[in-house]
Amino acid sequence: SGQARVLPRLSSALLLWATGLLVSGSDLQHHRYEDMVRALFAVQSECPYITRIYSIGRSVEGRHLYVLEFSDNPGIHEALEPEFKYVGNMHGNEVVGRELLIKFSQFLCEEYRAGNQRITRLIHDTRIHILPSMNPDGYEVAARQGPEFNGYLVGRGNAREIDLNRNFPDLNALMYYYEKTNGRNHHLPLPDNWEHQVEPETLAVIKWMQNYNFILSANLHGGAVVANYPFDKSRDPRIRGRTTYAATPDDKLFRKLARTYSYAHSWMHKGWNCGDFFDEGITNGASWYSLSKGMQDFNYLYTNCFEITLELSCDKFPPESELPREWLGNREALVSYLEQVHHGIKGMVYDENNNPIGNAEISVAGIHHDVTTGVDGDYFRLLLPGTYTVTASAPGYLPFTSTVTVGPAEAIQLHFYLKTAPKQSLKAKPHSGRKNLSSPKAPLKLGPR
């Protein structure tokens, strides 16, 4: 089958080469930092009108955290056009995600130039942000040691050997407390002085999340093959040594998102990988093993963004010869998952004079997780097909409720026009006091995530 696998790859490579669209050096290889930067800038010069490169900050050792953006209007948020992100290489020694995202960037550019309708539509209707390496310093440590004998932990952390996926503010403890006391269910407050408690890479990513209204995201890891969805942190202490499933209010939707990736992937959905079995190739994070201060849960609890964690390969730093197989195995899944950002409902929230209202809350009856409008007054609420009762509210306005039926296709547009509340009924919501809940230190368990 080795022979059979080579042939189709060869012919598709010839096709691309024949059309003259092959971005220089887009054969699959490991990219050190300078090579990665060169590859990203090569894509940008190949597709200048649909891409932009920007840095969200620097690593401990001063390397830029470069993001490549794809959009028909790079650099601009268009109202009602959702923002999507892929983040790779958060653990420096888990390199498949980094290489896939470099290749995916080349692929989007090539396919757009070749007139591929599916890719063209995605780029026109979505603002796509790709961060191939969140941990460039850790990568250099792992790469210096090379793929052959990569120790499980060498290069996992950043230059200070801090695991970035245990470095986000712990909002789960606060969330689980609010669940019992009927506190807020979204955009939880960060602890005081949080900026001084996180690494520069984490700080850069949190500021990035504050600056863009991301709606859907995936974070690419290695060491297993499974699509992992929130919550990662268990609500209860372990029962008989096993951690327990920690569902979000959007559990069914997260399962669908994870399944979308798993089934579009060549082998993830089969379940048996790396000596582990995950039914349908998906797992709730906490039911696999509990993890605190991870990036995935932070997205859900601090922003409008729904993020899953994709474990892509048994081998964290595979030899270069494995990369083409990984690309072919993940290519369709990377596109299909991205397309999921266009489901559910979206719309504008206006006041009586048609001025957009930013930071209005959109709540769906029966799902205790609200989302908010962006600065332009637009909101996006990912939902499974069904009929929903949706309420828009904002301080100083009367809330308004609509019923909407969501189908399986494109997002349904539902706009809200809010009337100013009469002066006397402006009772301030009692704000539940912030308790700083730090959880007792559990022994650190370092699995793939």
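The values are calculated or read from the model by the stated rules, or taken from the named source; none is laboratory data. This is a predicted model, so every value here is computed, not measured. No Cβ is skipped: glycine too gets one built from the backbone with ideal geometry, and neighbour counts run over all protein chains shown.
Taking first residues from segment 375-387 that are without any contact (Cβ under 8 Å) to a residue 24 or more places away in the chain and partners that are surrounded by fewer than 23 Cβ atoms within 10 Å (Cβ to Cβ) and in a strand (DSSP E or B), the Cβ contacts under 7 Å between residues at least 6 apart in sequence or on separate chains come to P385/V406; G386/V406; T387/T403; T387/T405. With respect to the stated conditions, E199 fails to be acidic (D, E), surrounded by fewer than 18 Cβ atoms within 10 Å (Cβ to Cβ) and in the same structural domain as E83 (by TED's automatic domain parsing). Among the candidates E94, E61, E99, E69, the residue that is assigned to a helix (DSSP H, G or I) and charged (D, E, K, R) is uniquely E99.
Taking segment 364-395 on its own, how many of its residues are crowded, with 19+ Cβ neighbours inside 10 Å, outside any strand (DSSP E or B) and among the β-branched types (V, I, T)? Result for segment 364-395: 1.
Among the residues of segment 357-378 satisfying the criterion of being among the β-branched types (V, I, T) and touching a strand residue (DSSP E or B) at 6+ places or on another chain (Cβ under 7 Å), which is farthest from T248 (Cα to Cα)? The residue in question is I357.
The set of residues in segment 104-145 being under 25 Å from M209 (Cα atoms) and part of a loop (DSSP other than H, G, I, E, B) consists of T126, P132, S133, M134, N135.
Looking across segment 102-121 at every residue that is surrounded by 23 or more Cβ atoms within 10 Å (Cβ to Cβ) and in contact with a strand residue (DSSP E or B) (Cβ under 9 Å, 6 or more places away or on another chain), the one that is nearest to P318 (Cα to Cα) is identified as I102.
Scanning segment 43-65 for residues that are crowded, with 17+ Cβ neighbours inside 10 Å and under 19 Å from A114 (Cα atoms) yields V43, Q44, E46, C47, I50, T51. For beta carbons closer than 9 Å, sequence separation of 6+ or different chains, a first residue in segment 178-199 that is among the small types (G, A, S) and a second that is in a helix (DSSP H, G or I), the qualifying pairs are G183/L174; G183/M175; G183/Y177. Filtering segment 175-188 to residues that are in a loop (DSSP other than H, G, I, E, B) and surrounded by 14 or more Cβ atoms within 10 Å (Cβ to Cβ) leaves G183, R184, N185, H186, H187, L188.
Restricting attention to segment 326-350, the residues that are out of contact with any strand residue (DSSP E or B) (no Cβ under 7 Å at 6 or more places or on another chain) and either part of a loop (DSSP other than H, G, I, E, B) or hydrophobic (A, V, I, L, M, F, W, C) (or both) add up to 6. Just one of the listed residues (N158, N172, N213) is touching a Lys or Arg at 6+ places or on another chain (Cβ under 6 Å), crowded, with 21+ Cβ neighbours inside 10 Å, closer than 17 Å to M295 by Cα and assigned by TED's automatic domain parsing to the domain that holds E320, and it is N172.
Yes/no matrix, rows are residues, columns are (1) buried (at least 20 other Cβ atoms within 10 Å of the Cβ); (2) outside any helix (DSSP H, G or I); (3) charged (D, E, K, R):
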position: Y245; (1), (2), (3): no, yes, no
position: P249; (1), (2), (3): no, yes, no
position: K252; (1), (2), (3): no, no, yes
position: A258; (1), (2), (3): yes, no, no
position: L291; (1), (2), (3): yes, yes, no
